[in-house]
1. Considering amide H positions built from the backbone, and no H for Pro or chain starts, which residues 5 or more places from Asp23, or on another chain, come under 5 Å of its amide H?
2. At a probe radius of 1.4 Å, what is the per-residue accessible area of Glu218, in Å² to the nearest 10?
3. Quick one: ranking Glu153, Glu184, Glu123 by accessible area, 1.4 Å probe, largest first, what do you get?
4. Might you tell me the accessible area per residue for region 90-182, computed with a 1.4 Å probe and given in Å²?
5. Show me, for region 166-178, the HN-Hα J-couplings you get by feeding each phi into the Karplus relation (A = 6.51, B = -1.76, C = 1.60, θ = phi - 60°), rounded to Hz, glycine and proline as x.
6. With a 1.4 Å probe and all protein chains kept in place, how much accessible area does Ser228 have, in Å² rounded to the nearest 10?
7. Quick one: pull the percent of accessible area on region 140-194 belonging to carbon and sulfur, 1.4 Å probe, ligands and nucleic acids left out.
8. For Asp134, Asp67, Asp46, what's the largest-to-smallest order of accessible area, 1.4 Å probe?
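The values are calculated or read from the model by the stated rules, or taken from the named source; none is laboratory data. Note that the coordinates shown come from a computational prediction; the quantities given were computed from them, not determined experimentally. Surface accessibility is based on the protein's heavy atoms, side chains included, excluding ligands, DNA and RNA. Shrake-Rupley method; radii C 1.70, N 1.55, O 1.52, S 1.80 Å.
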Amino acid sequence: VSFEDLHWHLNPNDGAGRHFKGDFNLANKYWSSYFRLTPVVTDMVDEYCKERNLGANTLALHYRGTDQYSIHNESTPVTIDEFLLVLEDFLFGHTDIKRVFAASDEEPFMVRLDEFCKAHGLEMFMHDHDRAKDGRQTYLSHPPEKNKIFAYEAIRDCYTLSRCHYCLSNFSALSAWSKVLNPELLSYRISSCKIQGTDRGGAFPHGWAPKYLGNRPEVQELLKRLQSEDWQLR
């Protein structure tokens, strides 16, 4: 059976995956029935996680910066300061977290996060790859022959995120897909999904990732603003 035919048969009105209606277990069932990540990704990541004890007590983070500011019609952009404020609040409510795995195309975010983790006594890990240093979107400022490398790095990040216990991100399909790979992942987004197509709701999986609502009043107010234009509120 053609996966493409099955996709449109289940969802004849559009191709945004809304037929899953937030059911990550069903999405995982379809995904694993048709696709399998190659050992080039899985063997490397499995060994990486084993050596660093990533899994339980691990928070995965994914931060989108410059590119989300250029396509702000999809979501409310989140500054590094805002993300770190929400992260501190998340840690306040999840005292079991001992280490962090981070994914981002933003070098300034990684630098700030490293300082943050050291100040909070957390181990921090990340994969090595190219990151934006000058505010330009990385995927727009490289030669075409690097596309395959960038694709591998994105899939590697997504699979590693899925191996953690928690995941916190601003709006992103990449980090939302980590919950498709592992429906047991306790994944949360902190900013809005503005994408709304049919009456079935926002784009899957990123529009259906559970929203983080915060613990402290000032963070709850920040999150209320960041999530104010979410499709679920319309």
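1. Here nothing satisfies the definition.
2. Accessible surface of Glu218 is approximately 110 Å².
3. Values: Glu153 25, Glu184 135, Glu123 95 Å².
Descending order: Glu184, Glu123, Glu153.
4. Numbers: 4390 Å² over 93 residues.
On a per-residue basis, 47 Å².
5. Each residue of region 166-178 in turn: 10, 9, 10, 8, 7, 4, 6, 6, 4, 6, 5, 5, 5 Hz.
6. Counting only protein heavy atoms, Ser228 exposes about 70 Å² to solvent.
7. Values: 1290 of 2120 Å².
Answer for region 140-194: carbon and sulfur cover 61 percent of the accessible area.
8. Details: Asp134 100, Asp67 30, Asp46 60 Å².
Descending order: Asp134, Asp46, Asp67.
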